[in-house]
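Input: a single structure, listed below in structure tokens.
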Amino acid sequence: MPEQSWTPPRATYRLQLTRDFTFADAAAQAPFLARLGVSHAYLSPILTARPGSSHGYDVTDHAEINPELGGEDGYQALVGALRREGLGVIVDIVPNHMGIGTGNRRWLDLLRWGRASANADFFDIDWHPPQPALTDKVLLPFLAGEPADLVAAGEITLGFGTDGFAVRYHDHRWPVTPTSVGPILEYAAAGAPELRPLARDFTALDALAQAAGALRSRADQLMAELMDRRESHPAIQAAVAAWNGSGRHRLTQLLDRQCWRLADWHKASDQINYRRFFAINDLIAIRAERREVFEASHDLILDLVGDGLIDGLRIDHIDGLADPKTYLDRLASAMTERGRHPYILVEKILGAGETLPMAWTAAGTTGYDRLGPIDRLFCDPAGAEPIVRHYCRLTGRPADPNAMLPAAKQRFLETEFAAEMTRLAQALHRIAADAWPIETLRAAVIATIGALKVYRTYVDGTPIAEDGRARILAAIAAAGTDAPALGHFLGEVLTGDMPGEPAHGVAVLFQQLSGPAMAKGLEDTVFFQHVPLLALNEVGGEPGATALSIADFHDLNQTKQRMRPDEMIAGSTHDTKRGEDARARLLCLTSIGDQWQDQLDAWLTHTTAPRPNDAIYYYQTVIGAWPPGLAMGDAEALAAFNARVGPALLKAAREAKEMTGWNEPDAAYEDRLQRFVTAVMPRDLGPFCETVGFWGALTSLSATLLRLTTPGVPDLYQGSDGWNLSMVDPDNRRPVDFPAAERRLDAARVGLANLARRWHDGAVKSFLIRRVLAFRHEHPALFNDGRYQPLMIDGAQADLLVGFAREGDGHAIVLAPRFWPQLWPDTAGLPQWGDTSLTLPGGTYRNILTDARLTIDGALPVGDLLGDFPVGLLVAEA
């Protein structure tokens, strides 16, 4: 672990900022956050993003705090409100990409000047792509048709305004380079002769094209003069009207002279020549590996850190960077220069057996690698395996989704990332000196990425880590290249063994492509295709992974304590496919496997869904998200619920890319899907959801306690202090009812005898969080540094209880039951622990969740330890 220089938070609370939930709105919640017991507000990006952004990851100006959120004054007021409550602030930053559009001045300058722009190397652009027509140009794939056709139809037009000439297409506006303005002014001079000298001067700019500085300076002078000639503007507008009317051929010629080239959006996958965030055309990657780009994109954030206005940073999509380690080292150095050592987290998804590189100067990841194991701990293997087999019989799918993953990754690379793969293949071909055809190299790399078991490896100019080398070589072997020499060549290049900048550049590009391929192939394809256990189809999850044993869970926590004790533990995020409490409900199905299979069969008998796979996805989605207490006879509430389910099911179908898709939607299939969603629900669906909902609430209490007490920093996603039953985004970003959250904090504790009747409002979860965080506040060293010690449970139900101690500055015992449908099958009764017992060191213990005191001398029945609350946190009293 890197030497610790930060102070870890006690717990964080994630807030999604938008123009409808601003800094002022967040500041108003500071007292609530303090009462709940977190130590830090954890904010989505605060820098200026595209107008109306719902997430803030489409930053357009790194030098400005978003005015839609309240600007600099609003942010300082928020920090002040948090400080008054004793709270810190963690901010999400986006070093990999920017949003493009009229609000991004760097982007507009690039479009206006191309290679002559000071921002030509700010963005990650291939200025010499395979298509000769794109040399020194940027492809703009935002049209719904061919440019010439859209010009003829009057959809692409020329405009003249306060910022000069621009080409317009619906909401888009692209600046015209000054070197192409001369012909427009020559035409306008017929009605305003005074413009003729200025027209000649603009035309003469072509002679300065090789002298960028002189060109820019002269063009700026001429543009200023043009804008000052207001008496001539009517003639200019007349010229613009002519270009948009009978002279449209001139507009087509004008388009050919720009530093950009318009294209149908369907051509993006084959021709695009800038790196994107995944395959999102309006999110362009920046070259953060260049020092000047790093400084320009981080100066404001670093100043806020230096001024004590930021206590921690979340680094978004670190796998998109060319060299994550160097980036983190540079970030740490810049903060040290300002006398600060904030808490740093990286958004990074780890594969099976993978660990975060220990050389990275970060506390750890944002916690997906903790989310999955905690969920899997509550997956009952006795029911999970039959459920998967039953699903395969119903759908014809393979039992192991790993078999589907390589094809899904390769499909993404061959379609949405075709241009990037061509670029990589051509670079390899140049290094290989024509030893293999480009298509052979392209196919080999695509197959290698398809076989890679992790998101990416890291080649940074130093010898690659042995685990990274092994993974690359294993992927090359699994790709099955026919020629051993080709496999050897790929191994040398992709592991960084081959010297020289061209080979290093190929290795970096390979890594920047393998991550998006895994994300799109697994998270956004296979997880929507193979759906027997939706609770486990989550960000950071492993395809085909099911149950995790208690022993393996203990091993994981002890490893995390040794290696990354301060990393985040996530339950829900803005990216999770469903909320933590929806997943908790669905995990309960594995404890009633036979009942669930019978119930599903009965519903499928009468289904109108297009396919069994659609119905199976639908019923799990409904069970997970069913509003507590919703009655089958409440038509208005059911309609409101269906209005949420419909878009979630449609998104799932498009992500699966089997019957429909985002690029080529099948209207008939989608219509059948929506009619199925709005059809009459089975009469017994509501009662079934209510029962599973109760077991899910109990499972959530156990999982929440584990997130709050295992080594790491627990994060609460907004609204997750109560039941988070959200579906896939944007459902998971709906506004939070904070007044209801306040009321939950005021509610009294609910005991076991009343819990089956009083769990609906989520107050029991809020109570648990508040009590445990208060205890953490009183004993910070126990959780920051205390040892993690598994406990031995005896008796028939021993495998249904997770128990461990935190030892150090005090002694605390954590007891979290699992497989609740087995423990509490009759919701009218009470949990059935039988002879299950736990032996603790003798002494007096207080259960901080019930305030009960127990004198222990030897083995004690678990039923006594958990006599009035589902979970336990016992503290030894002196």
key: Positions within segment 139-163 being among the hydrophobic types (A, V, I, L, M, F, W, C) and either assigned to a loop (DSSP other than H, G, I, E, B) or in contact with a helix residue (DSSP H, G or I) (Cβ under 7 Å, 6 or more places away or on another chain) (or both), in sequence order   = 139, 142, 143, 144, 148, 151, 152, 153, 156, 158, 160
query = If you go through segment 588-598 one residue at a time, how many are open to solvent by 30 Å² or more (accessible area, probe 1.4 Å) and either of a type in the set (Asp, Glu) or closer than 28 Å to residue 539 by Cβ (or both)?
reply = 2
query = Picking from 499, 543, 484, which residue would you name as being closer than 30 Å to residue 593 by Cα and either at pLDDT below 95 or of a type in the set (Lys, Arg) (or both)?
reply = 543
inquiry  = So if I check each of 171, 163, which one is without any contact (Cβ under 8 Å) to a residue 40 or more places away in the chain and within 20 Å of residue 281 (Cβ to Cβ)?
reply    = 171
Close pairs from segment 330-341: first more than 8 Å from residue 306 (Cβ to Cβ) and in contact (Cβ under 8 Å) with a residue 40 or more places away in the chain, partner in a loop (DSSP other than H, G, I, E, B) and among the polar types (S, T, N, Q), Cβ under 7 Å, at least 6 apart = 341/5
message = residue 624 - would you say it is open to solvent by less than 10 Å² (accessible area, probe 1.4 Å) and over 30 Å from residue 362 (Cα atoms)?
response = yes
key: Subset of segment 862-878 that is open to solvent by less than 10 Å² (accessible area, probe 1.4 Å) and part of a strand (DSSP E or B) - its residue that is farthest from residue 806 (Cα to Cα)   = 872
message = Under 9 Å between Cβ atoms, which residue pairs at least 6 apart in sequence (or on different chains) link something in segment 600-614 that is under 11 Å from residue 673 (Cα atoms) with a partner that is outside any helix (DSSP H, G or I) and at pLDDT 95 or above?
response = 610/659; 611/658; 611/659; 614/659
ask   = Does segment 101-116 hold any residues that are open to solvent by less than 10 Å² (accessible area, probe 1.4 Å) and in a loop (DSSP other than H, G, I, E, B), and which are they?
value = 104
query = Do we have any residue at all in segment 259-281 that's of a type in the set (Ser, Thr, Tyr) and closer than 23 Å to residue 116 by Cβ?
reply = yes
task = Taking only segment 462-511 into account, find how many residues are touching a residue at least 60 places away in the same chain (Cβ under 8 Å) and open to solvent by 60 Å² or more (accessible area, probe 1.4 Å).
result = 2
remark   = Pairs returned, first residue in segment 367-385 that is more than 16 Å from residue 802 (Cβ to Cβ), second residue that is among the aliphatic types (A, V, I, L, M) and open to solvent by 10 Å² or more (accessible area, probe 1.4 Å), beta-carbon separation under 7 angstrom, 6 or more apart or interchain, are 368/349; 369/350; 383/592; 384/533; 384/547
inquiry  = Which of the numbered conditions does residue 95 fail, given that it passes all the others? Conditions: (1) open to solvent by 10 Å² or more (accessible area, probe 1.4 Å); (2) closer than 28 Å to residue 46 by Cβ; (3) at pLDDT 95 or above.
reply    = (1)
task = Within segment 786-814, count every residue that is more than 16 Å from residue 591 (Cβ to Cβ) and touching a residue at least 60 places away in the same chain (Cβ under 8 Å).
result = 13
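This table checks each residue for (1) over 39 Å from the mean Cα position of the chain (by Cα); (2) of a type in the set (Asp, Glu).
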| site | (1), (2) |
| --- | --- |
| 783 | no, no |
| 788 | no, no |
| 794 | yes, yes |
| 801 | no, no |
| 807 | no, yes |
| 818 | no, no |
| 821 | no, no |
| 830 | yes, no |
| 837 | yes, no |
ask   = Which of the residues that make up segment 361-386 are open to solvent by 10 Å² or more (accessible area, probe 1.4 Å) and touching a Pro at 6+ places or on another chain (Cβ under 7 Å)?
value = 361
request  = Just name the residue that is nearest to residue 247 (Cα to Cα) out of those in segment 151-165 that are hydrophobic (A, V, I, L, M, F, W, C) and surrounded by fewer than 18 Cβ atoms within 10 Å (Cβ to Cβ).
outcome  = 152
remark   = Taking first residues from segment 405-432 that are in contact (Cβ under 8 Å) with a residue 60 or more places away in the chain and acidic (Asp, Glu) and second residues anywhere that are in a helix (DSSP H, G or I) and open to solvent by 10 Å² or more (accessible area, probe 1.4 Å), the pairs with Cβ under 8 Å that are 6 or more apart or on different chains are 416/269; 416/520; 420/509
key: Count of segment 166-208 residues which are open to solvent by 10 Å² or more (accessible area, probe 1.4 Å), of a type in the set (Gly, Ala, Ser) and more than 25 Å from residue 156 (Cβ to Cβ)   = 2
request  = Can you tell me which residue within segment 119-141, out of those that are open to solvent by 50 Å² or more (accessible area, probe 1.4 Å), free of Cβ contacts under 8 Å to residues at least 60 places away in the same chain and not polar (S, T, N, Q), is nearest to residue 427 (Cα to Cα)?
outcome  = 128
query = Among 585, 578, 562, which is surrounded by fewer than 18 Cβ atoms within 10 Å (Cβ to Cβ), of a type in the set (Lys, Arg) and not in a strand (DSSP E or B)?
reply = 562
task = State all residues of segment 835-867 that are without any contact (Cβ under 8 Å) to a residue 40 or more places away in the chain, in contact with a Gly (Cβ under 8 Å, 6 or more places away or on another chain) and more than 24 Å from residue 750 (Cβ to Cβ); if no residue qualifies, say none.
result = 842, 855, 856, 857, 858
request  = Can you work out which of the residues in segment 437-461 that are β-branched (Val, Ile, Thr) and under 30 Å from residue 327 (Cα atoms) is surrounded by the most Cβ atoms within 10 Å (Cβ to Cβ)?
outcome  = 449
message = Take the residues in segment 387-419 that are basic (Lys, Arg) and surrounded by fewer than 15 Cβ atoms within 10 Å (Cβ to Cβ); name whichever of them is farthest from the chain's Cα centre (by Cα).
response = 393
Residue count for segment 1-27, restricted to those that are touching a residue at least 40 places away in the same chain (Cβ under 8 Å) and open to solvent by 40 Å² or more (accessible area, probe 1.4 Å) = 8
message = Can you report the number of residues in segment 336-356 which are outside any loop (DSSP other than H, G, I, E, B), open to solvent by 20 Å² or more (accessible area, probe 1.4 Å) and not acidic (Asp, Glu)?
response = 1
remark   = If you go through 195, 185, 215, 208, the only one that is under 18 Å from residue 113 (Cα atoms), touching a residue at least 40 places away in the same chain (Cβ under 8 Å) and among the hydrophobic types (A, V, I, L, M, F, W, C) is 215
inquiry  = Being open to solvent by less than 70 Å² (accessible area, probe 1.4 Å), at negative phi and not hydroxyl-bearing (Ser, Thr, Tyr): is that true of residue 757 here?
reply    = no
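The values are calculated or read from the model by the stated rules, or taken from the named source; none is laboratory data. This one's a predicted model, so the numbers in the text were calculated from it and none came from an experiment. In this analysis, Cβ positions are derived from the backbone assuming ideal geometry, glycine residues included, and neighbour counts consider all displayed protein chains. Surface areas here come from the heavy atoms of the whole protein model, side chains and all, with no ligands, DNA or RNA. Shrake-Rupley method; radii C 1.70, N 1.55, O 1.52, S 1.80 Å.
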